[in-house]
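Values quoted throughout were computed directly from the atomic coordinates according to the rules given, and no laboratory measurement underlies them. From a predicted model like this one, the values you see are computed outputs, not experimental measurements. Cβ placement follows ideal geometry from the backbone for every residue including glycine, while neighbour counts extend to all protein chains displayed.
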Amino acid sequence: MTETAQRYVGGGVPRKEDPALVTGRATWTDNIKLPGMLHFALVRSPMAHAKINRIDVSAAREQPGVVAVFTAEDLRDEWAAPIPCGWQVTEDLRVPEHWPLTGDKVRYLGDPVAVVVAEDRYAAKDALEFVEVDYEPLDVVTDMEEALKEGAPLVHEDLGTNECYTWPLQNGDVDEAFGRADVVVKERYIQQRLIPNAIEPRAVVAQPEPGGSFTVYSSTQVPHILKSVLSAICGVPEHRLRVVAPDVGGGFGSKLNVYPEEALALALSRRLGVPVKWVEERSENYLATIHGRDQIQDIEVAATSDGKILGMKVELLADMGAYLQLGTTVVPLLGAFMYPGLYDFDAYSFKCTAVYTNKTPTDAYRGAGRPEAAYAVERIVDALARRLGMDPAEIRRKNFHPPFDEPRTQPAGIQYDSGNYEMVLDRVMELADYEGLREEQRRRRESGDPVQLGIGFSTYTEICGIAPSQVAAALGGGGAGWEAASVRVLSSGKVEVVTGTSPHGQGHVTSWSQIAADALGVSPDDVEVIHGDTDSAPWGRDTYGSRSLPVGGVAVYLAAQKVVEKAKKIAAHMLEAAEGDIEFEGGRFSVRGSPDRNVTLQQVAGAAFLAADLPEGLEPGLSAETFFDPPNFTFPFGAHICVVEVDTETGKVKIRDYFAVDDCGPVVNPQIVDGQLHGGIAQGIAQALYEEAVYDEDGNLVTGSMVDYLVPGAPEVPRYTLERTETPSPSNPLGVKGVGEAGTIGSPPAVINAVIDALSHLGVTHIDMPASPARVWQAIQEARGREASAGEASRTGRPAQAPDHEEHPGGESL
Ligand code: MCN
């Protein structure tokens with residue numbers, strides 16, 4: 001008899017990864033110790049921009065424990081190609097040469113100029129100060145607008161300009177839309193530079209193997225991409241290179257890259273014939289690992305007097321930093337399609353100008369382009385609501401796309417997969433008791449309470465499940481977007497899943513076990529998931545862009561389906577029935593109408609392995625491989641309400657409550673999804689209230705440690721109230737959408753809108769992120785000053801000084 005199949009997808013299966021992680025049995029790259037291994041450290045530029053006149057390494061070579069010291073010149077022959085830019089986003093993209101060590105000039109604080117190899121880390125580190133570099137300081141440019149001016153210092157003289165590219169997009173008649181609008185609101189928002197701060201900094205070990213092969217262990221999100229790119233940079237043929245991502249302690253996008261230190265490790269192990277290791281220090285990480293965001297957003301919306309949006313214009317300046325890393329150029333363009341948010345209107349234009357400055361390169365940081373877009377649209381929709389005296393929920397509702405379950409074209413010209421935006425908004429308002437909150441706000445305002453209540457909305461969507469290879473290629477991407485999986489049923493019926501995704505905190509081992517378990521009718525404990533090693537998982541496009549489930553997890557499901565199809569043939573043969581009559585449920589194959597005639601998956605697996613009696617022409621074994629390249633991205637969405645208390649006397653913001661209703665389609669593992677949202681929202685709160693990488697005019701990173709760069713801790717983040725709705729995606733057969741970045745994308749505008757909402761009755765309309773107590777206090781004082789001068793003006797008849805776009809870049813204006 002067939003029992004009712006137990007389903008694991010959607011259930012609270014505990015994370016299989018955790019016991020090893022919480023009992024100190026994880027293998028981080030720094031735990032790898034190999035016989036004869038040497039260690040290296042880098043001499044990094046103490047200046048943001050300088051000519052290198054001379055490097056003298058002779059004293060360093062004499063230091064105890066030092067084995068070798070190399071400059072760019074010494075390693076010139078190691079490279080077959082420079083570190084590449086992965087996205088040729090325009091034909092005339094200006095790409096500077098980027099070598100693992102710089103020889104002529106340093107272009108940002110921390111630019112590596114020499115490498116010391118020694119018997120241990122400390123000896124390598126101690127010898128760094130004996131490398132003498134004669135730097136000739138050059139003028140520095142850290143500000144994007146300054147960098148674009150005539151006569152600005154050039155980060156790369158050979159490019160003749162600091163402009164990296166300009167990328168335009170236009171859909172619909174924007175002039176017409178703005179021409180017939182009753183209201184135009186224009187804003188400038190600043191996306192401050194952020195530092196990713198994975199718990200484990202980067203680390204790499206390279207080991208020469210017999211026969212001219214190499215193994216590279218790296219704390220990376222992208223072992224497969226790293227393998228192809230390192231092969232190209234170092235000229236090691238692909239089949240002679242194995243890349244392993246051991247346990248990886250987070251990345252948040254920062255390990256979606258190929259860094260100078262990884263190329264150096266491979267080249268040094270080849271040059272010296274021994275394994276070498278490099279482990280990043282935290283303060284080094286602040287300089288040497290990519291940063292995120294750093295954009296200036298000029299956004300305008302045109303609307304009717306009753307709040308219907310007609311058109312939107314966005315002009316973006318995006319800071320590339322001093323060099324291009326793999327995804328530096330594409331990050332702002334991931335946002336290009338997302339500024340329209342959840343809103344349906346006809347005309348949209350976007351232009352991004354990308355700029356070189358003397359700062360650490362930027363690249364993907366959790367959300368990559370989409371938090372920026374969501375922030376700008378959600379802020380300006382609030383500004384429009386204030387301008388028109390409308391409720392922020394009402395204006396959103398008025399402009400939402402109606403519910404849809406088939407792809408629907410949005411204003412930037414791409415197709416959202418499915419959505420029901422009113423549903424999430426209605427639910428979050430119910431959860432938060434919106435009316436009750438407004439009532440409390442009214443009371444506090446009327447009583448003149450120094451602590452004011454603010455209620456902030458964010459209704460967001462985002463583009464994730466980064467995949468369709470053709471779309472990636474059309475955007476200039478140099479890598480494919482499919483994902484691969486193999487499912488192998490062993491002779492005993494136990495299962496091995498091989499995935500091309502490379503988890504670093506997202507729980508793929510658990511999730512993929514659940515998917516395979518349901519598809520094959522086994523328990524998740526009977527499934528082993530193999531990942532992160534290009535020898536055992538040879539095909540993959542890795543983990544970023546919340547793609548792993550909608551592309552990689554789906555590939556696991558499809559490979560399992562292939563296995564079931566083959567198993568049905570064997571079962572039919574064993575049961576002497578027609579293949580078409582075989583049904584599969586709960587791990588058992590039975591004959592339709594005769595459930596007692598059945599065999600288990602284990603029996604079929606045994607028969608497939610023994611191969612003593614298989615159907616004519618069928619190969620032995622029970623395994624299958626799939627490459628899944630979906631037809632479209634997935635677009636999770638949600639509605640968040642942040643409730644803040646703002647102390648008007650000190651400027652301090654306290655998040656009292658945070659409500660989120662998110663929709664990522666059917667959920668594989670609710671506990672993991674909650675965790676992803678908790679972490680994601682915390683990172684968004686961090687951007688909204690705390691974090692900012694600040695450079696001074698000379699290009700020094702002022703916030704060079706965690707003392708100055710404020711990563712929030714548990715006391716700073718609130719208790720979250722989370723709920724979900726479930727709108728399946730038509731982009732894949734599981735209907736799933738990604739969730740790894742959703743919280744980070746949704747939360748910053750909710751927090752800032754809440755802060756502004758708390759203070760709007762005082763005349764505050766804008767505060768830049770991070771909304772530190774000083775900034776909030778300042779905004780209150782400025783608003784009070786304006787009120788006072790307006791009062792004065794009405795008494796004296798002289799015009800009051802009104803805030804406008806020029807004087808107060810964040811101010812709303814008509
Ligand atoms: N999931 C689910 N049901 C859904 C959607 C997702 O159960 N409908 C589960 C998945 O099965 C998977 C996890 O949620 O276990 C995340 O899946 P997905 O949304 O596909 O995202 P990725 O696995 O591709 O993760 C990448 C994403 C990104 S881009 C960043 S940045 C990020 C993030 O994930 N960095 C992280 N989450 C992180 N979490 C940790 N702990 N550390 C990081 O560095």
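Points worth noting:
- By the helix-only formula, in which each DSSP H run with n ≥ 4 contributes -39500 (n - 2.57) and the sum is divided by residues, the chain has a 222 nm mean residue ellipticity of -8500 deg cm²/dmol.
- Distance histogram in 5 Å bins (all Cα pairs of region 329-424, percent per bin): 3, 12, 19, 22, 19, 13, 7, 4, 2, 0
- Packing-based exposure ordering (other Cβ within 10 Å, fewest first) of D449, D533, D294: D449, D533, D294
- Measuring between alpha carbons in the structure, the pairs from K105/K255; K149/K351; K105/K277 lying more than 22 angstrom apart are K105/K255; K105/K277.
- Full extension of the chain between I199 and Q6 gives 65.8 nm of extra length, using 0.36 nm per residue less the Cα-Cα distance.
- Region 106-236, relative contact order in percent, only Cα pairs under 8 angstrom and at least six apart counted: 9 percent
- Amide N proximity, region 487-502 versus A20 label position 7 Å along Cα-to-Cβ, cut-off under 18 Å: 495-502
- Spherically averaged projected area of the convex hull of Cα atoms, region 513-608: 7.0 nm².
- Ratio Rg/Rh, restricted to the chain and using Cα atoms, in which Rh is the Kirkwood radius: 1.00
- Length-normalised contact order for the chain - Cα pairs under 8 Å, 6+ apart - percent: 16 percent
- Looking at region 268-348 alone, DSSP beta bridges between its own residues are antiparallel in about 80 percent of cases.
- Restricting the GluC sites (Glu not before Pro) of region 604-652 to loop positions (DSSP other than H, G, I, E, B) with no more than 14 neighbouring Cβ atoms within 10 Å leaves E616, E649.
- Derived from the Cα gyration tensor, the three semi-axes of the equivalent ellipsoid of region 1-140 are 44, 26, 14 Å, largest first.
- Compared with the alpha-carbon gap, the fully stretched path from E440 to R656 is longer by 76.4 nm at 0.36 nm per residue.
- Peptide ranges 260-273, 296-309 listed from the most packed, as the mean C-beta count within 10 angstrom indicates: 260-273, 296-309
- Each label was represented as a point 7 Å from its Cα along the Cα-to-Cβ direction; for L148 and S213 these points are 5.1 nm apart.
- Nonlocal amide H pairs with L38, under 5 Å, H built at 1.01 Å: V276, K277
- Mean shadow area of region 87-140 over all directions, Cα convex hull, nm²: 5.9 nm²
- Using a cut-off of 18 Å between Cα atoms, the listed pairs K494/K566; K313/K398; K16/K566; K308/K398; K186/K308 include K313/K398; K16/K566 as exceeding that distance.
- Sparse-neighbourhood loop sites, GluC sites (Glu not before Pro) in region 69-120 - DSSP loop, at most 15 other Cβ within 10 angstrom: E91, E97, E119
- Neighbour-count ranking [beta-carbon atoms within 10 angstrom, fewest first] of C642, C234: C234, C642
- Computed from backbone phi, the HN-Hα couplings of region 128-133 come to 4, 6, 8, 7, 9, 10 Hz, rounded to whole numbers (Karplus: 6.51 cos²θ - 1.76 cosθ + 1.60, θ = phi - 60°; Gly and Pro given as x).
- The modelled label-to-label distance between E723 and D696, using points 7 Å beyond Cα along the C-beta direction, is 5.2 nm.
- Counting all C-alpha pairs of region 600-691, share separated by more than 21 Å (%): 62 percent
- Mean separation of Cα contacts under 8 Å (6+ apart) over length of region 454-589, as relative contact order %: 27 percent
- Diffusion of region 62-196 by Stokes-Einstein, at 10 °C in a medium of 1.306 mPa s and with Rh set to the Kirkwood radius over alpha-carbon pairs, works out to 81 µm²/s.
- Computed from phi, the 3J(HN,Hα) profile of region 189-198 under the Karplus parametrisation 6.51, -1.76, 1.60 (θ = phi - 60°) reads 10, 10, 9, 5, 6, 10, 10, x, 6, 5 Hz, with x in place of Gly and Pro.
- In region 168-242, GluC sites (Glu not before Pro) in a DSSP loop with at most 16 other beta-carbon atoms within 10 Å: none
- Label positions at A480 and D77, each projected 7 Å from the Cα along the C-beta direction, are separated by 3.6 nm.
- The ranking of W512, W28 by Cβ neighbour count inside 10 Å, starting from the fewest, reads W28, W512.
- Each pair of Cα atoms in region 453-505 enters the Kirkwood radius, and Stokes-Einstein at 37 °C and 0.692 mPa s then converts it into a translational diffusion coefficient of 215 µm²/s.
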